[in-house]
Each structure stands twice: as C-alpha cells, then as structure tokens.
Amino acid sequence: FTIIKVEALVLEMQDPDTGVKTQTQRLVITTIPHAMTGHDILEWIINRLQILDEEAQNIGNLVVQYGYIYPLQEPKNIILRPDGSLYRFQTPYFWPTQQWPAEETDYAIYLAKKNIRKKGVLEDYEKENYNILNIRLNHKWDFVIMQAKEQYRAGKERKKADRVVFEFQERAYWLVHRPPPGAPNVIDYGLDRFSDPNENQVTQKKTFDVYRREIIFNQHSLMKSRVKSSVSLGGIVKYCEQYFNHDPIMTGCLPSNPWLTDDTQFWDLNAPLSEVPTKLRVERWTFSFRELLSDPRGRQDFQLFLRKEFSGENLAFWEACEDLKYGDQSKVKEKAEEVYKTFLAPGARRWINIDGKTMDITVKGLKHPHRYVLDAAQSHIYMLMKKVSVYICCCVALPSLRLLDAMWGLNKNPCFHIYLTVKYRSDWSPVSADTD
C-alpha cells in the first residue's frame, strides 16, 4: 500500500497551516504561483517523520516519481533535488489513486501536440512511440491530429504562467505513465495493474464479468497459431550456422583487429562503398534479398543491373520510401509530395508500375501524409525486385562480376545453368573479377 501511504503524506504536505509553505516564484521571466523548493520539501519530510536525510531523500523521490509533485525546471528528471529547484503539487485529478487509464489515444494526442509546438523536435523515445502509435491508431489518426491542434490553439489563449504550468504538469504526468527507456517505472504494480503484490488474492471475489473476460482470453489463446519448439530451435541453429563466419566475435576480425592494433585495413576493406568488396561481404548478399539492399555496395551494383533492365526507378522509389520512413518528422509532408511527383503522378519523370488497387490506396493516403503512407506501394515494388529470376540474374550480370563460390547453392536451380570461376586469396581477401 505504498501509494496510499504516499498520498496520505502528500495531503499533510498540502495543509495550509502545518504543510510545506508555497509562494509565488519567478521562473526565468514567468511568475509561477504556489511553488516550493526541493529543499523546503526535504526539510518538511525530515521534521514530520523524524528520519535521516538519506531516508527523507528516498521518500521525496517516491513522491515525485508517483506524480504527486512535479518539477518546474528539469521536467525530464523526476527526482527530488535538495536545493532551490522549484516544484508544484500535481492536480488531484491526475493522482494514481484516481485510476484513470493512460490510454494510447491520449498519449498520441499529447505527442502530436508537442510535435506541433516543438516543430518536429521530440526525444528519440518519443519519436519511436509516435511512429508506433501512428501505425496502431492509423484508423483514427485524423482525429488525433485534430484534437492536438485544437488543444494547442486553446493553450495559446491562456495566460503565459498558466500555459507554462500546464505544460510542465502534462509532461510530468506522461513521464510517470510513459517513462523513457532506463527510467524506473514505479507504478508497474499500481492499483489498476493486472498483478499487484500487495493485493490479497485469496479474498478477491470474481464477478461474472471477470469469468467472461477470462473465457474470451482463453478462447483467443487457443486460436493462435503456434510453431513446434523443435522447428523454432532448428531455425535458430540454422541462422547461427549461416552467420557463424560473419561474426567477428566467433571468428575474429580479419586481417587484423583494428581495435587492438593500428592496422586500418579492416575499415578500408569494409568501407560502405569500397571498390572491391570482400568475399564474406558478397557472400552475405546470397543469404537474402534484404542483406543485398542493406549493403550500400550491394545496392549500388543492384542499381547498375536495374538500369540495364530499364527498371532503375524501382530501387530509387524504395530508397525514397526508406528516407521518408526514417527521416525528419518535420519534412514528412514535403518528402511525400516529392515522391508523388517523381514516381506516382501521371506522366512522372520516373513513373513506377504498380497495380491500380495499390495506387488508389497510396494516392488516398497522401491526402494526409505520414511516415508509413507509402508502405503498400513500397511492399509491391520490393516483392517485384525480390523475384528469384531478377535476383539471380542481377548477381550474375553485375558489371564487375564480383561473385563467390557461395553462389553455387543458388545456381543449382535447373532453370539457371550458370558456372562461375571466382578467385580469392583468403576468407577476407577481395573477390576477383576473373570469370570463365
């Protein structure tokens, strides 16, 4: 019952006669009412509970981490600083005991509003959460953006002091309920969690609704597709065997370890766009099409082949989609319009050939562009490039013919009687371009 005890202590702290004294404080050029310092809070806890400084500091940290008090100067750091840092009491509406669920829609509106206010500048973990919520709530993302704009517009009409206080208050609430990676989540076992270590499971009464939800959960679990553990373990073993020679920890760095020696040959041989790729590097291209596209040099040679086949715009479109997906949030709309003009618009300079259904979905989504608006078209082009015939012909028809003997596994297909002679000095040496 830690939360209940902390809340009782906070109620005493708010007593106008015996509680922590609050007063109007100046934050930069803004006057903040009913503020208090971290030193005053710590002194009150020591005098009230008659404990040592270290114990009082731990209790003060709990009060802040549970969201009963929020900082005004360093909102990212949800701890009690024993100095002149300013704090305010959180509105009781947001206290954990109210058990208001921190829903994804509310968090998405908060992130969208912050994205508008900061003009695309979000923390890394906030950007990741923003993108995830964009996918999950794609069916009502227009509603999220509309609410964010409306709340932002209403906030600008408030007085500056009220606006600053509300921003810190809201940020503190989400730091408690959606903490950044590595930060302690003190409400993992809160009042509304599935498992509470302080709850007496023996005396808990199960209602009809509890049994109904349990039956539905079990029914859904039975319908889930499963894979035998032997098949899963076999896949893991196959993956480890395939990548064993490519793991520098297992096989060592060749020709020498640049972290232990002054030899930089390893970096030169594995440069993103090295003139002659190594044998191991080219061998990875045969593992999967994704490996080929993830290597800048492999993608460069693949582009040369596609140009000969008069389909170089396919890879260019795929790269543009990747740039849109992982680029700056503030430039999403601009990049989406550029991709449409270059690849999708009627009479486009580098028009790509996709089916009508995919084109309709993409064009409709571009009316409200986001990071994943081109996913359908990108997947279509990716599968088109991934066709086995195109992939094998590409590897055979590379202008430099820098292939390796690992290609023999692919060339056993009776449709492709291809015989290559590849010469290389050792496992790390560049692949020769000599062919028969």
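The values are calculated or read from the model by the stated rules, or taken from the named source; none is laboratory data. What you see is a predicted model, and the numbers here were worked out from it, not measured in a lab. Every residue, glycine among them, receives a Cβ derived from its backbone with ideal geometry; neighbour counts consider all protein chains shown. SASA here: full protein model, heavy atoms, side chains in, ligands and nucleic acids out. Shrake-Rupley method; radii C 1.70, N 1.55, O 1.52, S 1.80 Å.
For the range 304-319, the set of residues classified as open to solvent by 20 Å² or more (accessible area, probe 1.4 Å) and farther than 14 Å from H380 by Cβ consists of L304, R307, K308, E309, F310, E319, listed by residue number. Looking across the range 126-148, the residues that are farther than 13 Å from H368 by Cβ and open to solvent by 60 Å² or more (accessible area, probe 1.4 Å) come down to K127, E128, I132, I135, R136. Of all residues in the range 77-89, at least one satisfies being under 21 Å from Y173 (Cα atoms), basic (K, R) and not in a loop (DSSP other than H, G, I, E, B). Taking Q25, is it farther than 29 Å from E126 by Cα and polar (S, T, N, Q)? Here the answer is yes, as Q25 does meet what is asked.
Out of the helices (runs of 4 or more DSSP H) lying entirely within the range 277-375, which hold 1 or more residues that are under 26 Å from I135 (Cβ atoms)?
Details: elements: 279-285, 289-294, 296-308, 312-326, 332-339, 356-365.
Correct list: 289-294, 296-308, 312-326, 332-339, 356-365.
Within the range 216-250, restricting attention to residues that are without any contact (Cβ under 8 Å) to a residue 24 or more places away in the chain and in contact with a helix residue (DSSP H, G or I) (Cβ under 7 Å, 6 or more places away or on another chain), which residue is least open to solvent (accessible area, probe 1.4 Å)? Taking the candidates together, the pick is F244. Of all residues in the range 271-285, exactly one satisfies the criterion of being of a type in the set (S, T, N, Q) and either under 28 Å from the mean Cα position of the chain (by Cα) or crowded, with 19+ Cβ neighbours inside 10 Å (or both), namely T278.
One residue is enough: does the range 291-307 have a residue meeting the conditions among the aromatic types (F, W, Y) and at pLDDT below 90? Scanning the range 291-307, I find at least one residue that is among the aromatic types (F, W, Y) and at pLDDT below 90, so the answer is yes. One residue stands out among those in the range 258-270 that are assigned to a loop (DSSP other than H, G, I, E, B) and under 32 Å from the mean Cα position of the chain (by Cα): the one that is farthest from P296 (Cα to Cα), which is W259.
When the residues of the range 149-174 are narrowed to those that are small (G, A, S) and either without any contact (Cβ under 8 Å) to a residue 12 or more places away in the chain or surrounded by fewer than 17 Cβ atoms within 10 Å (Cβ to Cβ) (or both), which ends up nearest to I79 (Cα to Cα)?
Among those residues, the one meeting the criterion is A161.
Among the conditions (1) surrounded by fewer than 17 Cβ atoms within 10 Å (Cβ to Cβ); (2) in contact with a helix residue (DSSP H, G or I) (Cβ under 9 Å, 6 or more places away or on another chain); (3) farther than 22 Å from I46 by Cβ, F94 misses just one, which is (1). The set of residues in the range 21-64 being free of Cβ contacts under 8 Å to residues at least 60 places away in the same chain, under 19 Å from A8 (Cβ atoms) and either part of a strand (DSSP E or B) or within 36 Å of the chain's Cα centre (by Cα) (or both) consists of M36, N58, I59, G60, N61, V63, V64. Number of residues in the range 328-356 that are open to solvent by less than 20 Å² (accessible area, probe 1.4 Å) and within 25 Å of the chain's Cα centre (by Cα) equals 3. Does Q23 meet the test of being open to solvent by 90 Å² or more (accessible area, probe 1.4 Å), more than 16 Å from A172 (Cβ to Cβ) and at pLDDT below 85? In short, yes.
State yes or no: is A102 under 31 Å from the mean Cα position of the chain (by Cα), at pLDDT 85 or above, of a type outside the set (F, W, Y) and open to solvent by less than 80 Å² (accessible area, probe 1.4 Å)? So A102 does not fit the description; no.
Output the residues belonging to the range 286-303 that are among the hydroxyl-bearing types (S, T, Y), exposed (fewer than 14 other Cβ atoms within 10 Å of the Cβ) and over 24 Å from Q265 (Cβ atoms). Give the derivation first.
Taking the range 286-303 as the starting set, the residues that turn out to be among the hydroxyl-bearing types (S, T, Y) are 286, 288, 294.
Among the residues that remain, those that are also exposed (fewer than 14 other Cβ atoms within 10 Å of the Cβ) are: 288, 294.
Selection gives S288 alone.
Inclusion of R213 among residues that are outside any helix (DSSP H, G or I) and open to solvent by 70 Å² or more (accessible area, probe 1.4 Å) is not warranted. Of all the numbered requirements in (1) outside any loop (DSSP other than H, G, I, E, B); (2) out of contact with any Pro (no Cβ under 8 Å at 6 or more places or on another chain), P255 misses one, and that requirement is (1).
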